[in-house]
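One structure is given below, encoded as structure tokens.
The values are calculated or read from the model by the stated rules, or taken from the named source; none is laboratory data. Since the model is a prediction, treat every value here as computed from it, not as a measurement. Glycine also receives a Cβ, built like all others from the backbone with ideal geometry; neighbour counts cover every protein chain displayed. Protein only, heavy atoms only, side chains kept; ligands, DNA and RNA dropped before computing areas. Shrake-Rupley method; radii C 1.70, N 1.55, O 1.52, S 1.80 Å.
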Amino acid sequence: MKFGGSSLATAAKFNHVVGLIEHQTVPVCGVFSAPQGVTNSLADLIAMIQAQQDITPQLDLISQNLLTISTDCASLRDGFDASHNHLQTTELLEDLRSLAQGCLLIGHCPKVTAAQIYSTGEKFSTLLMAALLRTKSKVTVIDPKHFLTTEDFSDEPIADIEQSVQLFKQHYADAEEVAVMPGFYGVNPAGDLCLLGRNGSDYSAAILAVCTAATVCEIWTDVDGIYSVDPRLVAQAQLIKQMSYQEAMELSYFGAKILHPKTITPLSKHQIQCVIKNTLNPAHAGTLISAKTDKEKAVKAISNLSDVAMINVSGPGMKGMVGMAARVFASMSEANISVILISQSSSEYSISFCVPGEEADLAVKRLNQSFKLELKNALLEPIQCRKDLAIITLIGDRMHQQKGTASRFFSALSHARVNIIAIAQDSSERSISAVVRAKRVDDAVVICHQQLFLKKPRIDAFLIGCGTVGHELIQQINKQKDWLKSKEVELNLVGIANSRQCLLSANGIDLDQWQAQLARCEEGLSLDRLKQFVRSAHLTNPVIIDCTSNQEIAMNYLSYLEANFHVVTANKKANTDSLTYYHQLQNMAAKRQRRFLYETNVGAGLPVIDNLQSLLRAGDQLLQFEGILSGSLSYIFGEIHQGLSLSEATLKAKKLGYTEPNPAEDLNGMDVARKVLVIAREAGMELELSDVDLQAVVPAHLAAMTDGEQFMHQLPEYDASFQKLIDDAESKGEKLRYVALIKDHKCAVKIQSVGPDHPLYEIEAGENALAINTLYYQPKPFIIRGYGAGAEVTAAGLFGDLLRTLAWEQEH
Ligand code: ADP
Ligand code: ASP
Ligand code: MG
């Protein structure tokens, strides 16, 4: 049973571990790490020695930490020999002090001494555990110095298992049924103390398991077992019940901190099971690592290895030169540099491989020495080294049986817009790795996990503008959340902003509380703030929903798209700005592979843009368009044929909330002009807003009024003239409509008198209607009709667009 530092952070935790060991009904040996943080403190101490700094405070800190744990144990256990343990701890700390001060005097810290200093934490844990266990059992303290030998002098040495087994037998044939041993160190071939590398106590336990011919090697840590991905990075990580030795080996080799990479090899060779268990949740079965794997999933896990460098050896001299690869890798092995991954290269002219970042400079130096001649004669290009990279790896025994895994892996990376620098696959197809920039590796892991394990499409939405439409959309999202979940779609509203404040929450805002929470926010919305938030929360499918009619926000869409947001908008200002901006938006969306969706720009929730786009994609062309595009004007024009004057009808509409606060903004026709321009541009016409021939409902001096009250006061002046238009129409059996037109590549907006044969004659007050003539739809137009205004239908239209951002995700 090996207990990691996280299981040994305090006296209470030591006492808890004692309980777990005592609970065993078979002979058991505990292997212990240093208490949490102690190895790091010792590493800092060594760094201070090397920098010739004052080490007294650091020594005091370490002593204090260890003595506190030891002293605190006295009250936790009856029969605990506190004074003896105190004495042992003090001696250990005195040794540490002398070693450290000696090194400080001579100005450096030899490797053997550093190993002695580093091993203090593990020695402390073991002495304390022995003392605690002795309250109930006889205990043998096993010293790795007597048996755990290594084959080489490197920083990550390999154990000499055969010799270790023999020595163990010689020394510990008579061990008690409870034994304890410090992890992390052994002896090198010269007989000196040496470390097994950081996290090495796992390896110590595996070696001891072989030496004792154990039935099982348990690694007790702070999580329930091995997860499909580091649970610190991805909250939805899935626990793996069972995996094969090979899978666990690949996982740890490619960076999963849960196991030291060398741990599994000796266990696999001797067919000893390994179980990962949680000290804080001992009842949980944990993860079983054995010769078998469970058959459920082809891809078991994703891991990532940070801080690697990629070295490239290339040049014309490589072609046909026998033994080049052997020479490259021999020079790495002579320098004791481990080659993590070798990538296939498209030409025979180059070899690319990854090494740990900290060894990159040495690797280049060695290669330059080994190939001095070839480099001088230009048979080789200068050795290239690319730093700050990381490797992301998919692991699973049965991956080779499942088609398409690699393509899903790479498409997930491309979806996260993570550039792949190199690819490697092991020959048994148990792992596939991609080398990426270190900066992007966390994002890459998150999105790969999402797409390969959760398979739940996910939207992270930011809503701007909490007026009636924004408010309604929040309610609709809240109402539909569970339904979406049942359809395996995860929609999170992670941001809500009004003109002054911006509320952000990475796991989704509580939509029953958003108003109160937003009111407490002090900082407002900014592109930089959102970008930073998206980065730190690793959001991969962020969507901006603009529910405002604000010009400034519309002018930010380009930056949002550039920053990989999808943009969904009800705001017409962007699409009716200059043609240049219009094209920039379309191009940026295509370049970034993001959606720019604005269905609600025309006819609110009515499916206008989407239908038009589908037709155009199928080769159709817009020939002519006629439509009623304003809900408020449609209502007003309906009422005037019921006998109301223009001002009476407008007042009624205003009272019902169908108009803008200043109805001049409806009656000036500008909104309709914007809508018809959106349709025209969609159909490929290169027009500006000023090209729309706009005839307002009311004369120019009224249309330009900015004060709503005054406008309503003055509007009746125009009633008489307008009544003439109504009477004229009615005398011919026709009706007045406020119509938007597209014909012969021109747009117009005007009052028109239409007869019973006209498609817009029947339209009822408040409805929108669009009659679209195309190549495919003629002579009878294709008609879309229904309520084209109001918070509910507009929000529903935005909701539809929001879900369309997923279509992109599934298609690509
Ligand atoms: P200990 O102190 O017990 O040796 P470590 O910190 O060395 O613990 O290892 C346990 C940690 O490994 C977990 O807390 C977890 O954050 C991390 N980890 C990384 N990858 C995985 C994974 N795939 N499954 C479980 N844990 C993982
Ligand atoms: N204490 C050592 C380390 O932190 C060894 C281990 O915990 O496995 O690296
Ligand atoms: Mg560990």
Let me spell it out: the conditions are (1) buried (at least 21 other Cβ atoms within 10 Å of the Cβ); (2) under 25 Å from VAL435 (Cα atoms); (3) within 16 Å of ligand 2 (Cβ to nearest atom), and GLU247 meets all of them except one. Which number is the exception? (3)
Determine whether the stretch 394-406 contains at least one residue that is farther than 30 Å from VAL446 by Cα, open to solvent by 30 Å² or more (accessible area, probe 1.4 Å) and free of Cβ contacts under 8 Å to residues at least 24 places away in the same chain. no
Are any residues in the stretch 58-80 open to solvent by 80 Å² or more (accessible area, probe 1.4 Å) and not polar (S, T, N, Q), and if so, which ones? LEU61, ASP78
Scan the strands (runs of 3 or more DSSP E) fully inside the stretch 480-573 and keep the ones with 1 or more residues being open to solvent by 30 Å² or more (accessible area, probe 1.4 Å). 490-497, 502-504
Scan the stretch 595-611 and tell me whether some residue there is of a type in the set (Gly, Ala, Ser), farther than 27 Å from TYR776 by Cα and in contact with a helix residue (DSSP H, G or I) (Cβ under 9 Å, 6 or more places away or on another chain). no
All strands (runs of 3 or more DSSP E) inside the stretch 335-444 with 2 or more residues being closer than 30 Å to LYS295 by Cβ: 384-395, 422-425, 431-437
Take the stretch 273-285 and flag every residue that is within 17 Å of SER33 (Cβ to Cβ) and open to solvent by less than 50 Å² (accessible area, probe 1.4 Å). CYS274, ILE276, LYS277, ASN278, THR279
LYS241 passes all but one of (1) touching a helix residue (DSSP H, G or I) at 6+ places or on another chain (Cβ under 6 Å); (2) touching a residue at least 24 places away in the same chain (Cβ under 8 Å); which number fails? (1)
Of (1) within 16 Å of ligand 3 (Cβ to nearest atom); (2) assigned to a helix (DSSP H, G or I); (3) farther than 17 Å from LYS2 by Cβ, SER303 satisfies every one except (2)
For the condition more than 12 Å from ligand 1 (Cβ to nearest atom) and outside any loop (DSSP other than H, G, I, E, B), what is the one hit in LEU267, LEU251? LEU267
Give the residues of the stretch 174-232 that are within 16 Å of ligand 3 (Cβ to nearest atom), open to solvent by less than 10 Å² (accessible area, probe 1.4 Å) and in a loop (DSSP other than H, G, I, E, B), sorted by residue number. GLY183, PHE184, LEU196, GLY197, GLY200, GLY225, ILE226
Pair list, Cβ < 8 Å and 6+ apart or interchain, from the stretch 637-661 residues that are open to solvent by 50 Å² or more (accessible area, probe 1.4 Å) to residues that are aromatic (Phe, Trp, Tyr): LEU656/TYR635; TYR658/TYR635
Can you pull out the residues in the stretch 118-146 that are aromatic (Phe, Trp, Tyr) and either within 16 Å of ligand 3 (Cβ to nearest atom) or over 12 Å from PRO35 (Cα atoms) (or both)? TYR118
Can you spot a residue in the stretch 46-60 that is within 16 Å of ligand 1 (Cβ to nearest atom) and touching a residue at least 12 places away in the same chain (Cβ under 8 Å)? no
Those residues that are more than 26 Å from LEU341 (Cβ to Cβ) and surrounded by 14 or more Cβ atoms within 10 Å (Cβ to Cβ), I need them from the stretch 286-319; list them, please. GLY286, LEU288, SER290, ASP294
Residues located in the stretch 720-734, provided they are more than 18 Å from SER647 (Cβ to Cβ), in contact with a helix residue (DSSP H, G or I) (Cβ under 9 Å, 6 or more places away or on another chain) and part of a helix (DSSP H, G or I): none
Single residue of ILE420, ILE459, ILE464, ILE447 found to be surrounded by fewer than 21 Cβ atoms within 10 Å (Cβ to Cβ) and β-branched (Val, Ile, Thr): ILE420
Restricting attention to the stretch 250-262, the residues that are hydroxyl-bearing (Ser, Thr, Tyr) and open to solvent by 10 Å² or more (accessible area, probe 1.4 Å) number exactly 1
In the stretch 423-444, anything in contact with a Ser or Thr (Cβ under 8 Å, 6 or more places away or on another chain) and open to solvent by 50 Å² or more (accessible area, probe 1.4 Å) is listed as ILE423, GLN425
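So that you can scan it fast, the table gives a plain yes or no per residue for (1) open to solvent by 10 Å² or more (accessible area, probe 1.4 Å); (2) out of contact with any Ser or Thr (no Cβ under 6 Å at 6 or more places or on another chain); (3) free of Cβ contacts under 8 Å to residues at least 60 places away in the same chain:
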{"position": "SER83", "(1), (2), (3)": "yes, yes, yes"}
{"position": "THR89", "(1), (2), (3)": "no, no, yes"}
{"position": "ASP95", "(1), (2), (3)": "yes, yes, yes"}
{"position": "LEU104", "(1), (2), (3)": "yes, yes, yes"}
{"position": "GLY121", "(1), (2), (3)": "no, no, no"}
{"position": "LEU127", "(1), (2), (3)": "yes, yes, yes"}
{"position": "ALA131", "(1), (2), (3)": "yes, yes, yes"}
Given the structure, is ILE311 within 14 Å of ligand 1 (Cβ to nearest atom), among the aliphatic types (A, V, I, L, M) and not in a helix (DSSP H, G or I)? no
Residues of the stretch 7-38 being open to solvent by less than 20 Å² (accessible area, probe 1.4 Å) and within 13 Å of ligand 1 (Cβ to nearest atom), which ones? SER7, LEU8, VAL17, VAL31, PHE32, SER33, ALA34, PRO35, VAL38
Check LEU644 against each of (1) assigned by TED's automatic domain parsing to the domain that holds LYS743; (2) closer than 28 Å to LYS743 by Cα; (3) among the aliphatic types (A, V, I, L, M) and name the one condition it does not meet. (2)
Among the residues of the stretch 662-676 satisfying the criterion of being in a loop (DSSP other than H, G, I, E, B) and more than 22 Å from ILE609 (Cβ to Cβ), which is most open to solvent (accessible area, probe 1.4 Å)? ASN668
